[in-house]
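Here is the structure we will look at.
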Amino acid sequence: MDIVKHPLNSIRFGINSVFNGKEPWQIVTITSSTVILTLWIYDFIFQDESLIDRGKKTVFNIIKQIPTVRKKIESELETVSKTFEEDVKKTSKNTTYMLDLPAKGLTREDIMNKLDQNLNLGDFDWKGGLVSGAVYYFNPDLIDLISKVYGKTSYTNPLHPDLFPGLCKMEAEVVRMTANLFHGDENVCGSITSGGTESILLACKAFRDYGREVKAIKKPEIVVPTTVHSAFDKAAQFLGLKVRSIPVDTQTYQVDIKAFKRAINSNTVLLVGSAPNFPYGTMDDISAISELGLKYNVPVHVDSCLGGFLTCFMEDAGYPIPLCDFRLPGVSSISADTHKYGFTPKGSSVILYRNKKFRHHQYTITTDWPGGVYGSPSVGGSRPGGSIAVCWAALLNFGKEGYIQATRDIIHTTKYIEKGLRRMKGIFIFGQPATSVVAVGSKDFEIYRLTTALKEKGWNLNILQFPSGLHICITHMHTQPGVADKFLEDVKSSLIELMKTPSQPVEGKMALYGVAQQLSDRSIVADIARTFLDSMYYIPMIEKSEN
């Protein structure tokens, strides 16, 4: 072989020609600068956000620095903030705020009177079934039981298992009962958490740390549908994960499995599917995601926070659904909220793992603290023992038979409402509802106008975006006699009026949702959300403190 024509020699000769005649300090400077520049370019190109997204943000930030633009944005945000604050004022107009700690403790009677005043604020009849989701069950006898159980356990804390071993026993029993409902074998384990968000956060932590230890993954990524719960985005922000969001099919509203597969790479620590998702109530193809998990040796999490305590009873209730639990060999973990269709008080949820090796990475362990070796199974250190006890009590109260009957009633009501809505002109149903959520859109008019019209009739529904829509989450409250029929009648009568002027734009507060979707600068939308959250803590300071 001609050594001169060898590719490596060509490169060597090229480099030598570049440095020919250069002094040593020049060679060192050029080499160092080239390496630093190369690393900077690589880091710039391969950041979590794409070049396009970063470019947009840069442009928007520059535009917002223009005095007239900045002033206009600040003015609009101030207007939005005042709108939210006015809503708070209207809601609490017949009450006063306590701004200072009472000089002397109030009597029990005074405290209970003030409690009743606060609980009576608000106009929506959630007990009558006019609210989507939020409250999943209401029964005076159950509340009486829960109150007594919580009263006995309100000051207990499972952080001290030596003091309260019974709490640990109750938590273990809840986890085992739930594992059996999702067809887990004797190795399936888990924990009770404060809600779906914590369950999801812990699952993401567990598989991030598992990926680090087992596969030496330093830049962990999770692959999720765009419809997955926003708690995964929150977990990513907390845990430094990169989220690859995969679009859903515009007909089925299930995640695109082919695109899902393409997103898997050597940094993937977790694949996620919803059973069902929150926006549309559709279920991803968990079986297909499970197969991808097995093929690429990546854990799979099934988010059943919303409907888990329906899916595990639906077959026995006469409404079989595709497999979405531990019977699928690729499923590594499942989250299911007991405080939804488990009908336990807020807030409790269960996170399950196929085996202990995953749960071990959920734990937070500190070995060198002067206060001793510290271990915590969940986000919190101290946890309310009362929440564990009432969760346990509620499960025992219903039993399998009670849950099957409740599931049968809820699914029957959901299908009844879905069938009625499909018959109405002017609206359509997103995909095929899998459990208890029915999502509605329109190609004929601004769907948020229907939200406003139903609100005027007393209904409180959930708003969707990208595309615009609304949904109703059917709970046990909606199975009360006449509620489903009232909903269908109110939708029908509202549609008749709306279709008289289909081109009319949406007005009032609902217009804000439409505008928010059209804003390319999502940071402004985030600012609007912050003003709304601020309003939750707003107190009209003109009120005098009660003592």
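The values are calculated or read from the model by the stated rules, or taken from the named source; none is laboratory data. Quick caveat, the model's predicted, so the values are computed rather than measured. Every residue, glycine among them, receives a Cβ derived from its backbone with ideal geometry; neighbour counts consider all protein chains shown.
General remarks:
- Answer residue from region 139-159, given it is assigned to a helix (DSSP H, G or I) and touching a residue at least 12 places away in the same chain (Cβ under 8 Å) and is nearest to G129 (Cα to Cα) among those: L142
Conditions tested, residue by residue: (1) farther than 20 Å from S191 by Cβ; (2) under 24 Å from the mean Cα position of the chain (by Cα).
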| site | (1), (2) |
| --- | --- |
| L328 | yes, yes |
| G375 | no, no |
| G386 | no, no |
| V390 | no, yes |
| G399 | yes, no |
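- Scanning region 105-127 for residues that are more than 34 Å from the chain's Cα centre (by Cα) and either within 25 Å of I410 (Cβ to Cβ) or not hydroxyl-bearing (S, T, Y) (or both) yields G105, L106, R108, E109, D110, I111, N113.
- Taken across region 179-191, residues that are over 28 Å from M477 (Cα atoms), free of Cβ contacts under 8 Å to residues at least 40 places away in the same chain and part of a loop (DSSP other than H, G, I, E, B) do occur, with at least one present.
- Residue match in region 202-211 (condition: over 22 Å from the mean Cα position of the chain (by Cα), of a type in the set (D, E) and modelled with pLDDT of 95 or more): no
- If the condition is being touching a Pro at 6+ places or on another chain (Cβ under 8 Å), more than 13 Å from P225 (Cβ to Cβ) and surrounded by 15 or more Cβ atoms within 10 Å (Cβ to Cβ), then region 240-266 contributes L241, K242.
- Residue, surrounded by the most Cβ atoms within 10 Å (Cβ to Cβ), within region 139-164, restricted to residues that are within 17 Å of L395 (Cα to Cα) and among the aliphatic types (A, V, I, L, M): I146
- Filter result (farther than 19 Å from K215 by Cβ and in contact with a helix residue (DSSP H, G or I) (Cβ under 8 Å, 6 or more places away or on another chain)) within region 236-254: F238, I246, P247
- Of the helices (runs of 4 or more DSSP H) lying entirely inside region 1-82, the ones with 3 or more residues being among the polar types (S, T, N, Q) and at pLDDT 75 or above are found at 24-45.
- Search result, residues across region 429-446 that are touching a residue at least 60 places away in the same chain (Cβ under 8 Å) and among the β-branched types (V, I, T): T435, V437, V438
- Checked across region 312-327, the condition of being under 26 Å from K357 (Cα atoms), modelled with pLDDT of 95 or more and either touching a Pro at 6+ places or on another chain (Cβ under 6 Å) or acidic (D, E) (or both) holds for at least one residue.
- The listed residue being in the same structural domain as Y280 (by TED's automatic domain parsing) and within 24 Å of the chain's Cα centre (by Cα), out of L130, L163, L181: L181
- Qualifying residue in region 400-416 (condition: at pLDDT below 95 and more than 28 Å from T252 (Cα to Cα)): no
- Filter pass, D284 being crowded, with 22+ Cβ neighbours inside 10 Å and at negative phi: yes
- If the condition is being in contact (Cβ under 8 Å) with a residue 24 or more places away in the chain, surrounded by fewer than 19 Cβ atoms within 10 Å (Cβ to Cβ) and not in a helix (DSSP H, G or I), then region 375-425 contributes S376, V379, G380, G381, S382, M424, K425.
- Some residue of region 353-371 being β-branched (V, I, T), in contact with an Asp or Glu (Cβ under 9 Å, 6 or more places away or on another chain) and either assigned to a loop (DSSP other than H, G, I, E, B) or modelled with pLDDT under 90 (or both): no
Table: residues versus (1) surrounded by fewer than 20 Cβ atoms within 10 Å (Cβ to Cβ); (2) over 25 Å from the mean Cα position of the chain (by Cα); (3) without any contact (Cβ under 8 Å) to a residue 60 or more places away in the chain; (4) not assigned by TED's automatic domain parsing to the domain that holds V214.
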position: F309; (1), (2), (3), (4): no, no, no, no
position: E315; (1), (2), (3), (4): yes, yes, yes, no
position: P320; (1), (2), (3), (4): yes, yes, yes, no
position: C324; (1), (2), (3), (4): no, no, yes, no
position: S335; (1), (2), (3), (4): no, no, no, no
position: H339; (1), (2), (3), (4): no, no, no, no
position: F358; (1), (2), (3), (4): no, no, no, no
position: T367; (1), (2), (3), (4): yes, yes, yes, no
position: P370; (1), (2), (3), (4): yes, yes, yes, no
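- Filter pass, N297 being of a type outside the set (A, V, I, L, M, F, W, C) and surrounded by 24 or more Cβ atoms within 10 Å (Cβ to Cβ): no
- Matching residues, region 430-450, being within 22 Å of the chain's Cα centre (by Cα) and crowded, with 20+ Cβ neighbours inside 10 Å: F430, G431, P433, A434, T435, S436, V437, V438, A439, V440
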